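Asks: Let me begin by handing over the structure; questions about it come next.
No lab work stands behind these numbers, since they all come straight from the coordinates. No experiment lies behind these values; they were computed from the predicted model shown. Cβ atoms come from the backbone with ideal geometry, glycine included; neighbour counts cover every protein chain shown.
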Amino acid sequence: MEKELAVQQQHKVIINGLNFPEGPVFDFEGNLWFVEILGGNLSKWDGEKLVRFHVAGTPNGAMIDKEGILWFCDSQRGEIRTFNPKSLQFNTVCNSTIAGEPLKRPNDLLFDKLGNLIFSDHADGRTENVSTFCVLPKNSSKATPISSGKLFTNGLAFCNNGETLLMAETYNQQLWIGEWDAEKLELLNERPFAKAGKGPWGPDGMAFDENELLYVTVFNEYAINVYNKSGILVNKILTVGNRPTSCAFDPTGNLGLVITEAERGEIISFPTLGKGLPLFY
């Protein structure tokens, strides 16, 4: 079935020469930000020029808030950190849970509609179920686990106006879905959504298009899986490199879906794929 779905899609390499890129996000001026995990950089591309900011750590996922501040996970330091593009200042926002447990290897992140930060902490859980998803309440410095007992937690995405949360468990080849209560900071009715990948790796980053189709990068499998709201695989877009890590939609629609690809060190645009659901900041 998957072979029948697999298609080539019009694409263009827009940036190359990167050192394990991940976590793409667009700012309000149209700049594309992302991290280079092995390079230790938070990087900005304005359509022509690439500028790198060394983070003195290992950055993973990235997101932007309504003030234009970049938030990123630092898996080496076990921290949620921010970067102000105007002052060029880094800041540590969170490094532990409300129970006093240190964050281990935070991985990917996004905001809910009330400004709370949801993030994954994979804790290097490749063979042991030690990975979690957490919430960092707005204006707080302590995180709370909302889902645990996972194998290498990873990407996240909201649909249904922020009421529904999708989550990736990479080393179990599993996508999860649940209802998110942003007021009570609770994940309700968590349940399997779809399988993704043949193993040992699996789903990494993800993003919804404006029709609420879910695009999921599948690590080490040359593929972006596309699922409908029922969790049915409806398309499979082939990639040139075998390690797509994350994806994001260009809010203008000009670049369509952009993916970070770690094997070749590239960012690739699929311009015909249109726009995504608006992010919460």
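Asks: In square nanometres, what is the average projected area of the Cα convex hull of the stretch 237-281? Numbers along the way, then the final one.
Replies: Numbers: hull surface 13.8 nm².
Orientation-averaged projected area of the Cα hull: 3.4 nm².
Asks: Further question: Below 24 Å, Cα to Cα, which lysines can residue 86 reach? Residues fewer than 8 away in the same chain don't count.
Replies: 44, 49, 66, 138
Asks: Next question, about the same structure. Scan around residue 174 for amide H atoms under 5 Å from its own, H built in the peptide plane at 1.01 Å from N, and keep only partners 5 or more places away or cross-chain.
Replies: 169, 196
Asks: Highest first, please rank the peptides 270-280, 186-196 by the mean number of other Cβ atoms sitting within 10 Å of their residues.
Replies: Packing proxy ranking, top to bottom: 270-280, 186-196.
Asks: Could you rank the peptides 83-96, 164-177 by their average count of other C-beta atoms within 10 Å per residue, with the highest value first?
Replies: Details: 83-96: 14.3, 164-177: 23.5.
Ranking, from highest mean packing down: 164-177, 83-96.
Asks: What is the percent of Cα-Cα separations in the stretch 2-273 that go past 25 Å? Write out the running numbers ahead of the final one.
Replies: On the way: 14180 of 36856 pairs.
The proportion of pairs with Cα distances above 25 Å equals 38 percent.
Asks: Which of the lysines could a cross-linker bridge to residue 198, judged by Cα under 28 Å and excluding same-chain residues fewer than eight apart?
Replies: 3, 12, 104, 150, 229, 236
Asks: Run the numbers on the stretch 2-273 and let me know its relative contact order in percent, using alpha-carbon pairs under 8 Å that are six or more apart.
Replies: 16
Asks: State to the nearest 20 debye the size of the charge dipole of the stretch 2-273 about its Cα centre, where the only charges are +1 on K and R beta carbons and -1 on D and E beta carbons.
Replies: 400
Asks: So how far, in whole Å, is the C-alpha centre of the stretch 183-241 from the one of the stretch 133-151?
Replies: 21
Asks: With each run of n ≥ 4 DSSP H residues scored as -39500 (n - 2.57), what mean residue ellipticity at 222 nm is computed for the chain after dividing by its residue count and rounding to the nearest 500 deg cm²/dmol?
Replies: Roughly 0 deg cm²/dmol at 222 nm, from the helical runs in the chain.
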